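Data first, discussion second: the structure below is written as structure tokens.
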Amino acid sequence: MISLAGRDILHSWGKFVFTGIGLGLLIGVTLVMAGVYRGMVDDAKALLDNSSADLWVVQKDTLGPYAESSSLNDDLYRAILAMPGVAKAANVTYLTMQVRKGDSDVRTMVVGIAPGQPGITPGWPPYLVAGRQITRGHYEAMADIASGFHLGDRIGIRRNQYTVVGLTRRMVSSSGDPMVFIPLKDAQEAQFLKDNDAIWQSRRRTEANPAFNRPSVPGLLDAVIDSQSTNAFVNAVLVTLKAGYTPDEVAESIRRWKRLTVYTRTQMEGILIGKLIATSAKQIAMFLVILAVVSATIVAFIIYSLTMDKIREIAVLKLIGTRNRTIAGMILQQSLALGLIGFVVGKIAATFSAPIFPKYVLLTPMDSVAGFIAVLVICVLASLVAIRMALKVDPAEAIG
Amino acid sequence: MSGKGIRIENLSKRYGEGDTAVFALKDVNMQVAPGEVVGLIGPSGSGKSTLLKCLGAVIDPTAGRMILGDEVIYDNGWKARDLRALRRDKIGFVFQAPYLIPFLDATDNVALLPMLAGVANGEARARALELLTELDVQHRAQAMPSRLSGGEQQRVSIARGLINRPPVILADEPTAPLDSVRAMAVIRILNDMARKFETAIIVVTHDEKIIPTFKRIYHIRDGVTHEEAGEGRAFE
């Protein structure tokens, strides 16, 4: 038996191909949307992987340092270092801000890293794609390649200029902003440093406060002003564990004895994926549902129209004894063929357009397989209306 | 092939019930022998289409018998179960417009019926080509319907009606869209094929040009038929 669907497609191939391309672009958008979500999850995981930490110690009762602000005294790491099972503990600051790049600016996450060594001290980028790690205490930076900086470029952060000495790859925040690593002290200053007018105003207020400006206590005013001009806070302490200790037992110990909030890797992943990007994920899921409904409607409409165009032929086919399942099969095969053309076009479009998107788009093979199955299911469902209509055609219509 | 043509006895078709009942056909009797071509003539609303649909096993008559070849199709409410297969294997249709499947070439349009009956593609195509040769359109065998002239399309349509060697062919206004020369050519072909394949052919027509060619004519009016002898004029 010849394939009626195949013959019809070959006969009106232009209609099928162009419709398939249109559908394919829609499927391509759907795949990219799924890829954007996967990219967000991957960015979140990359953030955790690249911090090289087993535990995140943050301000009590906060979801810091990524999902909420968190502030800890920068000397707490010493006490944490003394806890059983802790191999390394290092301060870290995170600040998402616009940094200057020549005449323009770039949105980045500025990370302040404590003195140490890559691979040993948590918070340091584990590898570089060019240049070297920071070796000086001030005004050197390592930037992610996605920021557009090159070795030797100057980065303007607040009032200071930093020289890019190393480049990293896939070091991004959970929002996909590229990271810029600078020494911790510089980062603390950048995080809390006010402009000159604000500092001057603050000093004026302190001087005017009789509680601080006591003639009977010489040196008190200077001490207070000094304390206001320096920043002794960090956002989190990153901890690595000694062999033989589990994250949960060390975390529990720190929570109990230091009265701080501690997150393990699993918990932090839950915060990032379950809370930080949850709204975006729901937004994307809504788009995916809408796109799936639109795709189904388009396929249904096209298949319905193609079937309507063939009502007389279907009546003739039924009159000359064609089985209902042959006619239903013809419509179903055409719908699936349309879906197949659409999926191929969509996959190609998504693959070639993904690198152009500003945010990381991760197209996974499993998503493609799931997308393909979804397209086939949508095509089957979309063809049901047309099949129902075709099966209701009276063969007598061919006679008139 | 069959040796007994088609016979209907007291065939009636009623639409509606009670006071609103309308009889489209009333005790119609008709017999067409193998190799015979008869005309069925009547004004609009006379019941021609209903009779054609009953003969074509598309709608069920309310009462009466229909015997196709050796097989009883309807018998006062009883009907043969698989009317779809019956239409495919035992009844050929030729329409006013050829209604060829636009995405199949001439050969496959004809070969489709045996293919639907389970005949292998190659064999079905060979049979189709043979029939197209008989009808002198073999040179257009690979052409799509949109590339065929009206006369060629009608010949392909006739070939499709004949391909399964049915005992009866129902031709509904087969010459309506054709000029007189092509119309006579189609009637000649139907006569030739009826004789060659021993097929009973019923031609429903309004076409004054071809009415004189029938040897027997059934007139139908208000659902009642009466038979009369035709002129049986030789083809020009």
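The table that follows gives values for the structure above.
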item: Karplus 3J(HN,Hα) series, Hz, for region A:135-150 with 6.51 cos²θ - 1.76 cosθ + 1.60 (x for Gly, Pro); result: 10, 9, x, 9, 6, 10, 9, 10, 10, 6, 4, 5, 6, x, 6, 10
item: Semi-axis lengths, Å, region A:193-233, gyration tensor of Cα atoms, sqrt of 5 times eigenvalues; result: 19, 13, 6
item: Net dipole in debye of region A:297-400 [+1 Lys, Arg Cβ; -1 Asp, Glu Cβ; about Cα centre; nearest 20]; result: 120 debye
item: Rounded to 10°, Cα long-axis angle of helix A:324-353 versus longest principal axis of chain A; result: 30 degrees
item: Under 14 Å, Cβ to Cβ, from A:Glu207 - net charge with Lys/Arg +1 and Asp/Glu -1; result: +2
item: Pairwise FRET efficiency - A:Phe301 versus A:Thr206, Cβ, R0 = 56 Å, nearest 0.05; result: 0.20
item: Distance (nanometres) between label positions extended 7 Å along Cα→Cβ at A:Val289 and A:Thr364; result: 2.1 nm
item: In nm, spacing of pseudo-spin labels at A:Arg323 and B:Glu17 (7 Å Cα→C-beta vector); result: 3.5 nm
item: Chain B: calculated mean residue ellipticity at 222 nm from DSSP helix runs of at least 4, using -39500 (n - 2.57); result: -9500 deg cm²/dmol
item: Highest to lowest packing among A:106-113, A:355-362, scored as the average C-beta count within 10 Å; result: A:106-113, A:355-362
item: Of A:Ile134, A:Phe212, A:Ser174, farthest towards positive along the dipole that unit charges on Lys, Arg, Asp, Glu beta carbons give region A:134-218; result: A:Phe212
item: Reachable lysines from B:Lys209, criterion Cα separation under 20 angstrom, eight or more residues apart if same chain; result: B:Lys48
item: Radius 11 Å from Cβ of A:Ala398, net charge of other residues (Lys, Arg +1; Asp, Glu -1); result: 0
item: Crossing angle, helix A:278-308 versus chain A [Cα axis fit, 0-90 degrees, rounded to tens]; result: 10 degrees
item: Net charge dipole size for chain A [Lys, Arg +1 and Asp, Glu -1 on Cβ; Debye, nearest 20]; result: 460 debye
item: Crossing angle, helix A:196-208 versus chain A [Cα axis fit, 0-90 degrees, rounded to tens]; result: 50 degrees
item: Cα-based reach from A:Lys15 at 24 Å (exclusive), listing lysines while leaving out same-chain residues under 8 positions away; result: A:Lys310, A:Lys347
item: Amide H contacts of B:Gly64 (H built 1.01 Å from N, under 5 Å, at least 5 apart or other chain); result: B:Ser12, B:Asn76, B:Gly77
item: Rg [Å, one decimal], Dmax [Å, integer] - region A:253-392, C-alpha atoms; result: 23.5, 87
item: Exposure proxy order (Cβ contacts within 10 Å, fewest to most) of A:Leu391, B:Leu100, B:Leu83; result: A:Leu391, B:Leu83, B:Leu100
item: Share antiparallel - DSSP beta bridges, region A:119-177, percent rounded to 5; result: 55 percent
item: Helix-derived mean residue ellipticity, 222 nm - over chain A, DSSP H n ≥ 4, -39500 (n - 2.57), to 500; result: -17000 deg cm²/dmol
item: q = 0.09, 0.21 Å⁻¹, region A:161-302: log10 I(q)/I(0) [Debye, one scatterer per Cα]; result: -0.63, -1.27
item: 3J(HN,Hα) from dihedral phi, region A:32-40, Karplus parametrisation 6.51/-1.76/1.60, rounded to Hz, x for glycine, proline; result: 5, 4, 4, x, 5, 5, 4, x, 5
item: Table column - 3J(HN,Hα) (Hz), region B:27-39, Karplus curve with 6.51, -1.76, 1.60, x for Gly and Pro; result: 6, 7, 10, 7, 9, 10, 7, x, x, 9, 10, 10, x
item: Positive minus negative residues near B:Met144 (Lys, Arg vs Asp, Glu; Cβ under 11 Å); result: +1
item: Three-way shape call for region A:219-310 based on the alpha-carbon gyration tensor, with the a/c threshold at 1.5; result: oblate
item: Gaussian network model of chain B, springs between alpha carbon atoms under 10 Å - residue of B:Gln96, B:Gln142, B:Gln31 with greatest fluctuation; result: B:Gln142
item: FRET efficiency, B:Glu228 to B:Trp78 (Cβ-Cβ, R0 30 Å, nearest 0.05); result: 0.40
item: Charged-residue dipole, Cβ positions (Lys, Arg, Asp, Glu), chain B about Cα centre, Debye nearest 20; result: 280 debye
item: Percentage of interatomic Cα-Cα distances in region A:331-400 larger than 17 Å; result: 57 percent
item: Under-5 Å amide H pairs with B:Leu25, H placed in peptide plane, nonlocal only; result: B:Lys13
item: Selection from B:Gly150, A:Ala328, A:Thr297 lying farthest towards where the dipole of the protein assembly as shown points positive, charges on Cβ; result: A:Thr297
item: Whole-Å distance, taken between Cα centres, linking region B:1-62 and region A:269-298; result: 63 Å
item: Within 10 Å of each Cβ in A:311-320, the average number of Cβ atoms from other chains; result: 6
item: Selection from B:Ala33, B:Gly45, B:Ala21, by position along the positive dipole direction of region B:1-66 (Cβ); result: B:Ala33
item: Relative contact order (%) - chain A, alpha-carbon pairs under 8 angstrom, separation at least six; result: 28 percent
item: Simple label model, 7 Å out from Cα along Cβ direction - A:Thr266 to A:Arg107, nm; result: 3.4 nm
item: Candidates B:Ile59, B:Ile91, B:Ile210, ranked by Gaussian network fluctuation over chain B, Cα under 10 Å, top entry; result: B:Ile59
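No value in this document is a laboratory result; all are computed from the given coordinates. Since the structure is predicted, the reported quantities are computational estimates derived from the model, not experimental observations. Cβ atoms come from the backbone with ideal geometry, glycine included; neighbour counts cover every protein chain shown.
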